[in-house]
Amino acid sequence: MNRRHIIGWLSLLIILSMIITGCAKETATPQPESTSLPEATSPPEATSPPEAKPTTPTEEEVVEITYFEHFSTEFGDEWFNKIIANFEAQHPNIKVNRISKPWGELWPSLTAWAQSEEMPDVFATHGAWLAILSEWNALYDLREVIEENADDEYIENTGAMGPYYYGTYKGEVNGATWGYFVYGLFYNVEFFEENNIELPGTWDEFEELLRDLRDEKDMYGISLVWSLPEGYSHFPYLQWGWWVTGAGGKVYDENNEPAFNTPEGKSGLEYWKRLYDDDLISPNAEAMTVQQARGDFCSGKVPFIIDGPWIKGTCESLGGEFTVAMMPPICGEETCGSPVTFQYLSVGANSEHPEAAFEFIKYMQSDEVTIDWGKTFGMSTANMAYYELPETKEDPVLGMIPEIAADKDNMMIPAITNKDAIDTMILEEWQSILLEDKSIDDAIADMESQWLELMTEF
Amino acid sequence: MANKMLILFKQKGFLGIRVKGRVRQQITGYLFVAPAVLFLVAITFYPIFRSIQLSVIDYSIGSSDQPFVGMKYYAKLFEDEYLWNALKHSFYFGFTGFVVTVLIGMILAVLLNSNWTTLRVRDFMRGLFVLPWMFSTTVAALMWGLILHRDGILNSYLTQLGLLERPIAFTGDKVLALPVVIAIFVWKDTPFAMVMILAALKSVPMDLYDAAKVDGASSWQYFRYVTVPLMMPVVLTVSILVFIWGFGHYDLVKVITGGGPLHRSEVVSYYLYKVAFMQMDFSYGSAISILIFVILLLFAILYIRAYTRSRPWQ
């Protein structure tokens, strides 16, 4: 058989495959039944749930659940081994098998498991992932187990930060809040004290301060990340969206559709473009990485950074020699809302023991565990009890969180399917404005149409 | 064990069927290569067939409704301007990458093969030139990202020398982003070209040199009419390989530029990643992957033909 024959057979095989395999249908995936429970989205004032019914396995049967997390790859196994041992001592008929992978492998792993319908029993999710995993029918609707297991103490201890108890998507309750991430302006305390500079309270004052730093000290006030691939999660919500929220506008509406084609949306873009054009931020923001921006701040090169509470620990690990504090919320003309998001604990749709999984989630959300978590690693939790501690109140970063969390004008980073693609598109349009390939009006119009297209394509 | 089975097979046959000598020998050979072939089928052919299947259905994780849509996503290929933009960049990447890589590789190989300095110095230089090849692509990308940063050593030297007024964002500039990525690719892959061509140079028989000298050929004539024709098969092999690597390159773009700014460094493999794993459009992503497969298959066929024609004495 010569080379021509081989190519011919291969081509025929490919064509036959397209015809035959394209007719194959996937087997139907059983849809979880939804119960007619009220939406679990309101704060503690909601009506008390019915009395808890016993749902945990009997003493005779020991069930095993899998818990998938990523924090131990950064913080070590010891803390997780300790809390799991404590849980198993309190629940002798539930055994927890922990799976640990680095953050970067979290989403690819969840995607692969969703495809093979082998989701872990308990795992960490973020807002946008709730939407996608829910569309893929990979999450267990927690309404039933919450109704049967939640009591006053549980409600009081969880989700009291801001308007959300649980992650919800299209009426399903599919994530219990665990971590609470507040983004804000962090600053170098000693720099401002030594130079006797007052902290800005509004975006206008912030711009004025950046100008003063350039004119009087020949230094930049902040480094911003507007490069791909990292900046896509920063610009839409931590900078532009934050400014728009302060001006009384929105980036997206209650249907997760674009709501930024407004005077506030346009003014927000004009504000950040002005900082760029007037050389008020570190040069080449369109090539800046997160690592470089954090390096600029932690080395003292710039006195501000927009980031989350973990920046304090990051600067300590980079050898920063100053105190990192979180500024009070910066205000626009209408509101002082900040960008916030939750980290959730969810249950896999195919879990054979959802009640046991939820027992573990309740344990993880308890005062005992969240206070220990916060004290050990300085992470911000969704449990208010942690912020009542005297040492937490005095912390220059964590002490600010209750005040910020109580603001009903906070902008929740949205749970949209295709969020990564949408955010990347927004950043690309933003770059086209910066590099003057497009006007702001054209870019906003293109952002709006592409956002809707990407949502529909999912 | 295999020998015992073979002896048994020779005596008893298989299900009463006795096979003749030559075929029995062939079966033994097939049995030995079967595991490797099965592995290749699993990691090569199955993904191709699965991609073809995904490209002709509307696939969504967790959905039972995945209708056959025929050529819908292949038709979309022709309407997608971002895809054509990425393809253009990939061809540019592949072509520029292989021309520069092979040229520099050839120059270095000739330098290392000639007697302009001592053998010890040439061996040291060969070791030095091979160093970039030892870095993983991601490490190289991170390292160059730091060098090319506005506060990196390149900008620092250029501004101190007065060649730049202010630092340049090499990876954030819409004109420079792709050439910078290609330059890093060339830096990383030139040692491969150099090593292959150097091996080819060293395999040229000295008898030919003596014969050419007797016939009065100059060094240039010797290089042009003896060395180059004998090197051509290796140069062709290296060229097509480097073109394929450049065309399908992903790592450097992912780490350094993310395809930006403004899609100016977006190559087709990175675009495929965006479509399949950011937009979660696995069906359209599969169609793009089949397109890439067909393009590279065509180049592989071209290579085989060119290789055969370059060796008329075989």
Point to revise | Anisotropy class of segment A:62-221 from Cα gyration tensor, a/c 1.5 cut | key: prolate
Revision key, fill the gap. Looking at segment A:413-441, residues buried by 40 Å² or more relative to their chain on its own, accessible surface at probe 1.4 Å, turn out to be A:E428, A:L435, A:D437
Exercise for review: First check a/c for segment B:26-165, with a ≥ b ≥ c the square roots of the eigenvalues of its C-alpha gyration tensor; if it is under 1.5, answer rounded, and if not, answer prolate when a/b is larger than b/c or oblate otherwise.
Suggested key: oblate
Check your understanding: Residue by residue, what Karplus-based ³J(HN,Hα) values in Hz, rounded to whole numbers, does segment B:79-89 have, using 6.51, -1.76 and 1.60 with θ = phi - 60° and x for Gly and Pro?
Key -> 9, 8, 5, 5, 5, 5, 4, 5, 5, 4, 5
Revision key, fill the gap. Semi-axes (Å, rounded, descending) of the ellipsoid equivalent to segment A:342-439 per its C-alpha gyration tensor are 34, 24, 11
Review point. Rounded to the nearest 0.05, what FRET efficiency do B:V41 and A:E394 have when you use their Cβ-Cβ distance and R0 = 45 Å?
Key: 0.10
Check your understanding: For chain B, modelled as a GNM with alpha-carbon contacts under 10 angstrom, which of B:I61, B:I288, B:I304 fluctuates the most?
Key -> B:I61
Point to revise | B:R122 versus B:I48: modelled label distance in nm, points set 7 Å from Cα along the beta carbon direction | key: 4.3 nm
Point to revise | Exceeding the 28 Å Cα-Cα cut-off - candidates A:K250/A:K375; A:K408/A:K438; A:K170/A:K250; A:K301/B:K188 | key: A:K250/A:K375; A:K408/A:K438; A:K301/B:K188
Point to revise | Helix-only [θ]222 nm of chain B, DSSP H runs n ≥ 4, -39500 (n - 2.57) each, per residue, nearest 500 | key: -22000 deg cm²/dmol
Practice item. Using the heavy atoms of the protein chains and a 1.4 angstrom probe, tell me the accessible area per residue for the protein assembly as shown in square angstrom. Key: 49 Å²
Revision key, fill the gap. Averaged over the residues of A:281-290, the number of partner chain Cβ atoms within 10 Å of each residue's own Cβ comes to 6
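Give the average, rounded to an integer, of partner chain Cβ atoms located within 10 angstrom of each Cβ in B:50-63.
Numbers: counts 2, 1, 10, 7, 2, 3, 7, 6, 0, 2, 5, 13, 15, 6.
That average works out to 6.
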Study note, to complete from the structure: Reduced to Cα centres, the span from segment B:279-311 to segment B:67-110 in Å works out to 10 Å
Review point. What dipole magnitude, in Debye to the nearest 20, does chain B give about its Cα centre under +1 on Lys/Arg Cβ and -1 on Asp/Glu Cβ?
Key: 1560 debye
Check your understanding: Anyone know which of B:F93, B:F45, B:F277 comes out most mobile in the 10 Å Cα GNM of chain B?
Key -> B:F45
Practice item. For chain B, just say rounded, prolate or oblate: build the C-alpha gyration tensor, square-root its eigenvalues into a ≥ b ≥ c, call rounded for a/c under 1.5, and beyond that prolate if a/b exceeds b/c, oblate if not. Key: oblate
Point to revise | Cα-based convex hull volume of chain A per residue, rounded to whole Å³ | key: 202 Å³
Review point. log10 I(q)/I(0), Debye, Cα-only the protein assembly as shown, no solvent, q = 0.06, 0.07, 0.08, 0.11 Å⁻¹?
Key: -0.49, -0.66, -0.84, -1.33
Check your understanding: Any idea what Rg and Dmax come out to for segment B:78-131 if you just take the C-alpha atoms, in Å?
Key -> 18.4, 59
**Study point:** Percent accessible area from carbon and sulfur atoms, chain B, protein chains only, probe 1.4 Å
**Key:** 69 percent
Review point. What total accessible area, in Å², is buried where chains A and B meet, using a 1.4 Å probe and rounding to the nearest 100?
Key: 3900 Å²
Exercise for review: Once you've got the GNM for chain B with C-alpha springs shorter than 10 Å, pick whichever of B:P229, B:P167, B:P35 has the biggest mean-square fluctuation.
Suggested key: B:P35
**Study point:** Exposed-site-free run, longest, chain A (rule: trypsin sites (Lys or Arg not before Pro); DSSP loop; at most 15 other C-beta within 10 Å)
**Key:** A:26-169
Review point. How many angstrom separate the Cα center of segment A:247-284 from the Cα center of segment B:160-239?
Key: 50 Å
Exercise for review: Using just the helices of chain A, give the 222 nm mean residue ellipticity in deg cm²/dmol: DSSP H runs with n ≥ 4 each add -39,500 (n - 2.57), and the total is spread over all residues, rounded to 500.
Suggested key: -13000 deg cm²/dmol
Check your understanding: Roughly speaking, to the nearest percent, how much of chain A's 1.4 Å accessible area is carbon and sulfur?
Key -> 49 percent
**Study point:** Built amide H within the under 5 Å cut-off of A:A325, gap 5+
**Key:** A:Y187, A:V189
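The values are calculated or read from the model by the stated rules, or taken from the named source; none is laboratory data. All values reported here derive from a predicted model rather than from experimental measurement. So basically every Cβ, Gly included, is an ideal-geometry build from the backbone, and we count neighbours across all protein chains shown. Calculation scope for accessible area: heavy atoms of the full protein, side chains included, ligands and nucleic acids excluded. Shrake-Rupley method; radii C 1.70, N 1.55, O 1.52, S 1.80 Å.
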